[in-house]
Each structure stands twice: as C-alpha cells, then as structure tokens.
1. From (1) more than 7 Å from chain B (Cβ to nearest Cβ); (2) closer than 30 Å to residue B:205 by Cβ, pick out the condition that doesn't hold for residue A:25.
2. How about region A:122-167: which strands (runs of 3 or more DSSP E) wholly inside it have at least 1 residues that are away from chain B (no Cβ under 14 Å)?
3. How about region B:121-130: which of its residues are within 9 Å of chain A (Cβ to nearest Cβ) and in contact with a helix residue (DSSP H, G or I) (Cβ under 8 Å, 6 or more places away or on another chain)?
4. Just for helices (runs of 4 or more DSSP H) wholly inside region B:112-173: which have at least 2 residues that are at pLDDT 85 or above and surrounded by fewer than 16 Cβ atoms within 10 Å (Cβ to Cβ)?
5. Of the residues A:165, A:149, A:124, which is among the hydrophobic types (A, V, I, L, M, F, W, C) and free of Cβ contacts under 8 Å to residues at least 60 places away in the same chain?
6. Within region A:137-144, is even one residue without any contact (Cβ under 8 Å) to a residue 40 or more places away in the chain, surrounded by 13 or more Cβ atoms within 10 Å (Cβ to Cβ), in contact with a Gly (Cβ under 8 Å, 6 or more places away or on another chain) and not polar (S, T, N, Q)?
7. Considering only residues that are within 12 Å of residue B:130 (Cα to Cα) and within 9 Å of chain A (Cβ to nearest Cβ), look in region B:169-202 and name the one that is farthest from the chain's Cα centre (by Cα).
8. Looking at region A:1-22, I want the residues that are closer than 12 Å to residue A:71 by Cβ and of a type in the set (Val, Ile, Thr) and have a partner that is modelled with pLDDT of 85 or more and assigned to a strand (DSSP E or B) with Cβ atoms under 6 Å, at least 6 apart or on another chain. Which pairs are those?
Amino acid sequence: MFLKVQLPWNVIIAAENLKPGSLMLQRAILIRLLSDFAVKKATKDMGYFLAVTTLDKIGEGKVRQHTGDVLFPVIFNAVTFKVFKGEVLEGVVHKVLKHGVFLRIGPIENAYLSSSKMPGYVYVLGENPYFMSQKNHKIAKDVVVRVVVIGTKWMEAEREFQALVGLEGDYLGPISSPDM
Amino acid sequence: MRCHCISPHSNCRSVFTCSACTSLCVVCFKFCRPNQLFQMSDKGGKAGSLLSSKGSLKGKDDSAAKAKARKVQFSTEGLESIMSNGAKSGGKDKVANGGKSSAAKDPHQNEHRVDQELPENFKCLMDCEAAVMLQGIQDHMVMLSRDPAIKIPASFDKGLHYAKSSSKHSNPESVRNILEPLKNHGLTESEICVIANVYPETADVVFALLPSLKGKRGINSQPIEDSMNELAKLKQPM
C-alpha cells in the first residue's frame, strides 16, 4: 500500500554551490534532496520511493572539516509504496508460465503467483497461455487479479522487492472491470 | 539534539544526529558502534536515524543488538519485533521460493500485521488519496522536466499508474470520512486502508479478507456493515 512518510535526511552541499543569497541555497538543497531521493529508488524499510511531497524543515548547516562541504539536516514528507504480508492487492498479469504467473503490482515488477496457490485453476497451453478455473474464470496476460501477499523479499543488490502472492481465500481471483 | 550514537563519544559536544547509517559521526568523526539493520554505505540520512529523542532506546538497543545482531532503530518498539522476525525468516530462506515455509499454508492465518510494522512517522494512504497526490505532481511535471537538475524517481510513473488504476473512488475525502469512525470500533489505520482499496460490497468480504477482524466480529460487524452501505452509495451518485 502507499505510505506517507516523514523522513530526516542529511543533504550535503558542495562548497561551489554555496552562493550568497538564501534562495539559491534552498534551491541547491532541494535539488540535492530530490536527486538523492531519486537515486535511492527503494529501501527495505520504506519500500519504493515515489515522490517528495513537502519539505518541512531545513536545519542549521554544519561545515564538514577537510572537505568544505556543508551538511544540512532536512525533514521532508514523501510518498512511498510497500507491500506487506497479508495485504490484499490487485496486480496485472504480465507473464504466464506453466507453473505460475508473474504480476505487476505498482512498482513491483515480479509478484509471483504460483499454480499451487491457485486452487481450481489449470494451465491451458497455447500461443497465449492462460489459467482457467472450473467456473470459467480466466487468468491471462493483462488480466487484473486480486491476490493476497504471502511474503515479500527485499533484494539488496537490485534494490527492489519481490513478492509471493496467492489466491487461497475468499473473494480473491481475477476481477472484471466495473461498468462505469 | 544530542548525538545519538549508541556509545556517545566523550568529546562529542556538538548537537547533531549521526547520518543514519551510523558509520561516521559527522561532528566528531568517530565511528559509532553499528546498531542498525541497514548498513547503507551511501550518504544521506535515512529513517534509521532517531527522529524522536528516545535516548532510552540506546541502552535497549545495545543489548538487543548483541542478542539479535540485526535491528532497526525506529522510534516505536513494535518495529523491533517485526524486524527481528524478518531477520529470523530471512535465515529460513523464505517465501519467494514457494511459500511452504512456516505457517504459510494459509496466508490469512497470519495476522495482518501491517500496522505493527510501521513506525510512528509512517502513515497509510488509501490508493485514491495517493492517486490525488501523485497526480498533483504529475500536473507539474511539464514544468519540472524543464529543469534538467530535477530528478524524478523511476518508480513514480508506475506508482501513479497503479494508484489511478486501483483507485475506485473519485472523492477520497468522503471515503475517509466514512471509514474513519471505524477506528473507534477497533479497526487499525492499515485495515481501513485495505478496506478502502479493495472497496468491498458487503461486510462479509471485509471479514473474509481481513481475518484479524474475525475475532472481533460480534462486536463491530454492524458499524462495518453501515460503512459498507454508505460506501456503496458512493458508487452510484444519488
């Protein structure tokens, strides 16, 4: 689910960016914060970083000895996305394999739904393979499926999450788009 | 603010928080004793740094760090138990391999512990609320993209697309007003967000998808049913 977080960070401004005039300094701090935020991509604790919403406070700068940089503690609000075990989400199927399907849930590209977690669904081979249930519910590419998260895994090297999801439970499975 | 290193440096007189990876105190340039789960080597403060002045956590983390060897220093205690749980299950080579590990046979048996995993400065957002916020930023994107120095996170587009596609309400405020009173009936913030995101039609769906509520069914089924009825009214504008 989406989270709104308030974070303290330390933003380091190089000496050459320290011009007189507070506006340019604030701009430099903000630009640096956005840059650090974008580069970070995700953390295990907060999930995927999506956007900075507000900058609450810029603290007093401290000069770092030896380098001449100035370090500003800032407090800002941001929107992140993280999935939790037990959460009910809707994902879009983007790959169908014999033993399961991969769903995309927001920034998470690989949420795996194993065939063993799809009770009542059988694999149907073909040019565009899919899973079909006895009640003629189809899980194919680009179908939206409501799933429950069984577990998540944080991949430090790739800085991304993977999720294992399932359909074991009531009211889970492919959903049709509502008539508007 | 005092230096929040786990072993305060004797000559650290200045008042500054270490960068969250606690590798180097930027004031006295001595290494703190690492006590955090994340050994992030890159710079920039992270949420690991102590927000609130919980000096007492220092002493607790000290012994806990020795015992568990992996902790995250957040301001709520609940997170510690979850993180240590995560550290333990990490050792079991968990669920990405097929989900047959401990108690994963029925995921609903595991209590929905989202809110226990969140420290105090985290707030759950409904998909519709997030969609509004992210769309606001998207509206400024043309202007933002003119400045090459401004970088937008890579996940922003995917997050926005997901929020818009899964957002089923056009008016997040009214949904929030309908579901907020459920907090008084024992529902947590995260459970309310899950309800809003799923947009169930009846209270049965709510209890099926949130098994943690089952234990309280007799107590607060009526308020939930009332809220579902009101939500259903939102679907069809009167």
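1. It fails just one condition, (2).
2. Values: elements: A:130-133, A:144-155, A:160-166.
In region A:122-167, A:130-133 are the strands (runs of 3 or more DSSP E) which contain 1 or more residues that are away from chain B (no Cβ under 14 Å).
3. First pass over region B:121-130, keeping only residues within 9 Å of chain A (Cβ to nearest Cβ): B:121-127, B:129-130.
Across region B:121-130, the qualifying residues are B:123, B:124, B:125, B:126, B:127, B:129, B:130.
4. B:127-139, B:156-166
5. Details: A:165 fails: free of Cβ contacts under 8 Å to residues at least 60 places away in the same chain; A:149 fails: free of Cβ contacts under 8 Å to residues at least 60 places away in the same chain.
Of the residues listed, the single one that is among the hydrophobic types (A, V, I, L, M, F, W, C) and free of Cβ contacts under 8 Å to residues at least 60 places away in the same chain is A:124.
6. Checking region A:137-144: at least one residue is without any contact (Cβ under 8 Å) to a residue 40 or more places away in the chain, surrounded by 13 or more Cβ atoms within 10 Å (Cβ to Cβ), in contact with a Gly (Cβ under 8 Å, 6 or more places away or on another chain) and not polar (S, T, N, Q).
7. Here the residue is B:197.
8. Once the first residue is closer than 12 Å to residue A:71 by Cβ and of a type in the set (Val, Ile, Thr) and sits in region A:1-22, its partners that are modelled with pLDDT of 85 or more and assigned to a strand (DSSP E or B) give A:11/A:72; A:11/A:74; A:12/A:71; A:13/A:70.
The values are calculated or read from the model by the stated rules, or taken from the named source; none is laboratory data. In this text, all values refer to a predicted model and were calculated from it rather than measured experimentally. Quick reminder, even Gly has a Cβ in these numbers, built from the backbone with ideal geometry, and neighbours come from all protein chains shown.
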